[in-house]
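The block underneath contains the structure these notes are about, expressed in structure tokens.
The values are calculated or read from the model by the stated rules, or taken from the named source; none is laboratory data. Not measured: the values here are computed from a predicted model. Neighbour counts run over all protein chains shown; Cβ positions are idealised from the backbone, glycine included. Note: accessible area is taken over every heavy atom of the protein model, side chains too, but ligands, DNA and RNA are not part of it. Shrake-Rupley method; radii C 1.70, N 1.55, O 1.52, S 1.80 Å.
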Amino acid sequence: MDYNRLAELLFPHIQHDPQYYEELFPRRELPAEAKVTRIGPSPTGFVHLGNLYNAIIGERLAHQSQGVFFLRIEDTDNKREVPGAVETLLAAMDGFGVHFDEGATIDGETGSYGPYRQRQRKEIYQSIAKKLVQMGYAYPCFCTEDQLNAMREQQIAGKLNFGYYGQWAACRDMDYESIEARVQAGEPYVLRFRSQGDPENFLPVMDAIRGELSVQENYQDFVLLKSDGIPTYHFAHVVDDHLMGTTHVVRGEEWLATLPMHVQLFDTLGWQRPLYCHTAQLMKIDGDVKRKLSKRKDPELALEYYQAEGYLPDAVWEYLLTVLNSNYEQWRIDNPEAHYMEFPFSTEKMSNSGALFDLEKLENISKDVICAMSAEAIYEGLLGWAERYDTEFAALLADRDYALAVLNIGKGGDRPRKDLVNWKQAVDFLSFYYDQRFRIEDEFPTDLEARKEILSRYLELIDFSDDNDAWFAKVKQICEEQNYALQPKKYKKNPELYRGSIVEVSNTIRVAMSGRQNSPDLWQITQTLGEERSRARIRAAMEA
Ligand code: GLU
């Protein structure tokens, strides 16, 4: 077979050879240790946590080493494409503080290794495909869907390995004349790789996270170009990551199964393989089982979830770093003031047995992050979130001084309160400071009669110029007058002697004021709400 002739028959329109592209995209001039990484999301409109997870790894590897981090849009499967998906992705990445040096942008792209959208790279793939045909490593396959299905049935019946290989590869040895006739008749075909692999052979492939892997040689004549001339993921990955100079391919472990094809392509083309970093699946504990996060069952798989809940990007980063690197938490303890970007991230410290995702842990980290912020910064964050997700609350926040007074409650001292988890929860938590949102959420600890007694006396005694001690002395006075023990222990010992303890008295006032049995410092709340509003709440609670 004259492979050059075949290549011309299949790709008459392809003028540039691979050398042309090698020169167009020269090796990058970077320091020796610099890493070039990328993410390659498909524009499906669904941005998931895995995208951010892999983006953080790529971003850190590149930017810790003066390298390059870029965005490639993997849009070869247009059935999955959703309009506006690239914008959604870029907005999400930007919102989480992930910045690209090169790649697709909303209205185009930046960088010299583009195009960065795969559908715009058709000619490049076909140039490499043409080369493979010339080398005898690729051939057209006219098998129809029905033929392939029939083949599969036979393979199932014979308990044989699936796929297009050996005796099953019907089009592999077709002669030139037959191919020419069918191409000229306009019959659709795909382009397949002509594998020389032997399934008995295993080759070592380095993985930065998993160490050296032993990979079975690929023996399948897999598809390089689909019938519309668009590449499969396998072919596009190899061509793009070679020409774009990717040094580290960070991607999910679901690609391990097809890794043999990828290394075979790199080797056949005489290109240096990148260092693979196959990341573990995101898992969660669900009851007694550990399972993969699922799009259907777990809203937290969508990145949008974290924005809607109002998690700070910093908290999500810190959280993901704890999942990614086993030494992050210790580093955080040792360097409480340092920015997380100073953490020396490394692929060696990554787990390869499933990354356990735990919302509770994220909540705890998030509490710490918000706790360390000034009231002003919290205000800005909260307002930004509310303007998008709760405009009614955003309007309440317009009184900035009041909001700051509220946010400053419990802030100072050695043990500042950690009440706020994320902006959505914060809106809920802070709602009682606003009459429009205030409601009694918890039960009163006392019955209506006792409650009235406590609260009416409280109204008589309360003086808004009191300090905290003087105020507390009056709460104690009510206890003594109405026979509540000043120490809960005393009441517990002799319950028949008292009506209750100071806990019942102060919580009666607390529920009246905040609607909850648990709240920040009661006197500070009272001071912040002011006399008029406080009195109104106490009076209202006496009537309920
Ligand atoms: N488009 C692929 C995906 O979404 C990218 C895999 C890769 O990074 O190579 O899974």
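Positive end of the charge dipole of region 220-326 (Lys, Arg +1 and Asp, Glu -1 on Cβ, about the Cα centre): tell me which of Pro299, Thr258, Thr246 has its Cα farthest that way. Selected residue: Thr258.
Full extension of the chain between Glu200 and Gln120 yields a length gain of 25.0 nm, computed as 0.36 nm times the residue separation minus the alpha carbon distance. Ordering 240-247, 431-438 by mean Cβ neighbour count within 10 Å, with the highest value first, yields 240-247, 431-438. If only the Cβ of Lys and Arg carry +1 and only the Cβ of Asp and Glu carry -1, the dipole of region 40-156 around its Cα centre is close to 380 debye. Here the gap between Asp286 and Ala91, fully extended at 0.36 nm per residue and compared with their Cα-Cα distance, gives a gain of 67.1 nm. Between Leu160 and Glu342, the distance separating the two model label sites (each 7 Å from Cα on the Cα→Cβ line) works out to 6.4 nm. Please check which bits of region 223-267 a label hung off Arg182 would reach, taking the label as a point 7 Å along Cα-to-C-beta and the cut-off as backbone N under 20 Å. Counting backbone N atoms under 20 Å from the label point, the list is 223-232. Left without a cysteine partner by the 4.7 Å Cβ rule in the chain: Cys143, Cys277, Cys371, Cys479. On the basis of the beta-carbon distance and an R0 of 25 Å, Glu81 and Arg273 show a calculated FRET efficiency of 0.25. Once the C-beta distance of Leu24 and Asn408 is scaled by a Förster radius of 60 Å, the resulting FRET efficiency is 0.55 to the nearest 0.05. In the context of the full set of protein chains, the chain has a per residue accessible area of 48 Å² (1.4 Å probe). Per residue, the chain reaches -13500 deg cm²/dmol at 222 nm when only DSSP H runs of four or more residues are counted, each adding -39500 (n - 2.57).
Helix 502-514 versus the longest principal axis of the chain: what is the Cα-based angle in degrees, 0 to 90, to the nearest 10? Around 60 degrees separate the two axes. Working from label points 7 Å from Cα in the Cα-to-Cβ sense, the Ser112 to Met542 distance is 8.1 nm.
Distance between the pseudo-spin-label points of Asp17 and Asn468 (7 Å out from Cα toward the beta carbon): 8.2 nm.
Does region 298-370 classify as rounded, prolate or oblate by the C-alpha gyration tensor (a ≥ b ≥ c root eigenvalues; a/c under 1.5 gives rounded; else a/b over b/c gives prolate, otherwise oblate)? Oblate. Here the Karplus curve 6.51 cos²θ - 1.76 cosθ + 1.60, taken at θ = phi - 60°, turns the phi angles of region 265-271 into couplings of 5, 4, 5, 4, 7, x, 9 Hz, with x standing for Gly and Pro.
What the phi angles of region 243-257 give under the Karplus curve with 6.51, -1.76 and 1.60, with θ = phi - 60°, is a coupling list of 5, 8, x, 5, 9, 10, 9, 9, 7, x, 5, 5, 8, 4, 4 Hz, glycine and proline written as x.
For the pair Glu387 and Lys452, a Förster radius of 25 Å applied to the C-beta separation gives a FRET efficiency near 0.05, rounded to the nearest 0.05.
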